[in-house]
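What follows is calculated from the coordinates using simple rules that are stated; it is not laboratory data. Predicted, not measured: the structure shown is a model, and the values here were computed from it. Positions of Cβ are backbone-derived with ideal geometry, glycine not excepted, and every protein chain shown enters the neighbour counts.
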Amino acid sequence: MPKKVHTCQTCGALAEEPGHLCSPGGEPMTCAYCGEKGPFAKHYCKGKLEDISYVCEQCDRLATSAELLCKPTSVPTS
């Protein structure tokens, strides 16, 4: 089965995961941290912000673990 490709509505970039795009659109998702439903836009609720330790050097996505990113680096602390 072919993988679904998401297209950014702003810049036209393609990605297999909608979280790697700045404006992917699509079906609403439920936040694993707070339970809020929203678009596939970057959603950083209080619980997630406290746990974020990594940023992707390629797409600027923030994450709680390096495995969730294309090209992870630690978030600067100062």
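With r as the distance between the Cβ atoms of L14 and K48 and R0 = 25 Å, compute the FRET efficiency 1/(1 + (r/R0)^6) and round to 0.05. Walk me through the numbers on the way to the answer.
Numbers: r = 25 Å, r/R0 = 1.01.
Efficiency for this residue pair is about 0.50.
As a size descriptor, the averaged projected area of the C-alpha convex hull of the chain was calculated at 6.0 nm². Think of it as helices only: each DSSP H run of n ≥ 4 in the chain is worth -39500 (n - 2.57), and spread over all residues that comes to -1500 deg cm²/dmol at 222 nm. Under 5 Å between amide hydrogens, built in the peptide plane, is the criterion, and for Y54 it picks out A63, V75 among residues at least 5 positions away or on other chains. Taking the Cα centre of the chain as reference, the dipole from Cβ charges on Lys and Arg (+1) and Asp and Glu (-1) amounts to some 120 debye.
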